[in-house]
Amino acid sequence: MSNNKLTLLGKDIPEGKKTILDLEIAKLHTRTTVKVPVIVERSKNPGPVVLLVAGIHGDEVNGVGIIREIIYQKINKPKNGTIICLPVFNIFGYLIHTREFPDGRDLNRVFPGNANGSLASQFAYQFTKEIAPHVDYVLDFHTGGGERDNVAQIRCHSEEENTLKLAEVFNPPFIISSNYIAKSVRYTLNKMKKTVLLFEGGKTNELNPEIIAHGVRGTKNVLTHLDVIDGDINLTQKPIYINSARWLRASHSGMFQATVKNGTFVEKKQVLGHIQDPFGEFKKKIFAQNEGYIFCINRTPIVNKGDALFHLGIKE
């Protein structure tokens with residue numbers, strides 16, 4: 001919480017200055033060095049170190065858009081403490097619009113990493129060793145995987161009072177109780193006693209203005225609450241808390257169309273959508289198996305039997 005000497009990636013970060021670092025892990029087989037930009041803004045005044053990170057999955061670009069907008073609006077310039085922005089963590093996946101690393105691994109399942117492991121593991125190790133120890137708070141931005149479209153939400157552990165309080169300050173439409181997943185960056189940072197909020201919003205390979213606006217506003221709220229920046233905390237809604245949820249899966253293979261809006265409350269046995277074959281022989285209704293809130297919808301037009309279609313949460 002004090003502005004003592006701060007060294008990241010082997011470079012001293014001066015007070016009151018903007019510093020751009022390069023996280024260099026590997027070279028392509030073409031001998032091209034791959035560099036991941038790390039943007040550091042440090043105040044002259046003491047305060048917490050806050051990390052904003054996105055693009056751990058390369059095709060989840062809404063998070064990249066959120067941090068980009070935060071930098072563009074100069075929200076990342078602190079009056080106290082330090083703000084570190086890592087807009088595109090998995091730059092390999094970002095360049096080719098894919099989730100995984102070139103080695104086929106999910107970067108968010110290899111933390112804390114290994115200096116002599118796979119390419120993804122080496123990336124994770126460098127982050128865990130060189131950046132993670134210096135931060136106090138982390139906002140980790142994600143979207144739904146594939147065609148799964150998430151309502152703007154914060155995921156946190158419901159039994160951690162400080163984390164839950166920060167989630168409420170972020171003020172998303174939904175706060176989802178979520179356990180830690182082993183070898184994820186959130187799990188690793190929690191083990192290092194860091195406070196982590198995981199934001200989910202939208203789906204892959206899109207820039208959704210509404211989701212980006214939620215992410216920017218929530219981040220400003222958190223930074224203001226921590227006294228890192230000046231401003232007012234903008235509470236525009238009362239978050240809906242989801243402590244338990246279930247996936248509604250396809251009973252048939254076919255063409256899928258949802259008829260409910262994401263984020264809405266549905267009644268038990270309410271029709272949520274249809275599955276039909278391409279030959280006009282059947283059209284099956286999809287019914288809600290219990291009442292609750294829809295907070296994720298699969299947007300793919302073609303589904304197989306057993307595919308997850310709706311994530312239905314029970315209000316607490």
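Yes/no matrix, rows are residues, columns are (1) in contact with a Phe, Trp or Tyr (Cβ under 8 Å, 6 or more places away or on another chain); (2) farther than 28 Å from T300 by Cβ; (3) among the aliphatic types (A, V, I, L, M):
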site	(1), (2), (3)
V138	no, yes, yes
H142	yes, no, no
L164	no, yes, yes
P173	no, no, no
K183	yes, no, no
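When only residues in region 238-265 that are over 26 Å from the mean Cα position of the chain (by Cα) and aliphatic (A, V, I, L, M) count, which is most open to solvent (accessible area, probe 1.4 Å)?
M255
Of all residues in region 206-237, count the ones that are open to solvent by 80 Å² or more (accessible area, probe 1.4 Å) and touching a strand residue (DSSP E or B) at 6+ places or on another chain (Cβ under 9 Å).
The qualifying residues number 1.
Would you pick out the residues in region 108-127 that are open to solvent by less than 20 Å² (accessible area, probe 1.4 Å) and either touching a residue at least 60 places away in the same chain (Cβ under 8 Å) or not hydrophobic (A, V, I, L, M, F, W, C) (or both)?
Result: N108, F111, S121, F123, A124, F127.
Going through F170, F199, F174 one at a time, which residue ends up being in contact (Cβ under 8 Å) with a residue 40 or more places away in the chain, aromatic (F, W, Y) and over 25 Å from V38 (Cβ atoms)?
F174
Quick one: N90 ticks every box in (1) touching a Leu at 6+ places or on another chain (Cβ under 6 Å); (2) modelled with pLDDT of 95 or more except a single one, so which number is it?
(2)
Kindly provide the set of residues from region 266-285 that are of a type in the set (K, R) and either part of a strand (DSSP E or B) or surrounded by 13 or more Cβ atoms within 10 Å (Cβ to Cβ) (or both), ordered by number.
K283, K284, K285
Can you name the condition, by its number, that R99 falls short on among (1) closer than 29 Å to R217 by Cβ; (2) open to solvent by less than 40 Å² (accessible area, probe 1.4 Å); (3) assigned to a loop (DSSP other than H, G, I, E, B)?
(2)
Answer yes or no: is there a residue in region 24-41 that is closer than 17 Å to N205 by Cβ and assigned to a loop (DSSP other than H, G, I, E, B).
Looking through region 24-41, none of the residues is closer than 17 Å to N205 by Cβ and assigned to a loop (DSSP other than H, G, I, E, B).
Can you tell me how many residues within region 286-303 are open to solvent by 90 Å² or more (accessible area, probe 1.4 Å) and either in a loop (DSSP other than H, G, I, E, B) or at pLDDT below 95 (or both)?
Residues in region 286-303 being open to solvent by 90 Å² or more (accessible area, probe 1.4 Å) and either in a loop (DSSP other than H, G, I, E, B) or at pLDDT below 95 (or both): 3 in total.
For region 42-51, does any single residue satisfy the condition of being outside any strand (DSSP E or B), among the β-branched types (V, I, T) and touching a strand residue (DSSP E or B) at 6+ places or on another chain (Cβ under 7 Å)? First the steps, then the outcome.
Start the filter on region 42-51 by keeping residues that are outside any strand (DSSP E or B), which leaves 43-48.
If we keep only those that are among the β-branched types (V, I, T) as well, we get none.
Taking every residue of region 42-51 in turn, none turns out to be outside any strand (DSSP E or B), among the β-branched types (V, I, T) and touching a strand residue (DSSP E or B) at 6+ places or on another chain (Cβ under 7 Å).
Given the conditions (1) surrounded by 18 or more Cβ atoms within 10 Å (Cβ to Cβ); (2) in contact with a helix residue (DSSP H, G or I) (Cβ under 9 Å, 6 or more places away or on another chain); (3) not polar (S, T, N, Q), report the number of the one that M192 does not fulfil.
Tallying (1) surrounded by 18 or more Cβ atoms within 10 Å (Cβ to Cβ); (2) in contact with a helix residue (DSSP H, G or I) (Cβ under 9 Å, 6 or more places away or on another chain); (3) not polar (S, T, N, Q), M192 fails exactly one: (1).
The values are calculated or read from the model by the stated rules, or taken from the named source; none is laboratory data. On a predicted model such as this, the values are computed, not experimentally measured, just so you know. Virtual Cβ from ideal backbone geometry, glycine too; neighbours counted across all protein chains shown. In case anyone asks, the SASA skips ligands and DNA or RNA and just uses the protein heavy atoms, side chains included. Shrake-Rupley method; radii C 1.70, N 1.55, O 1.52, S 1.80 Å.
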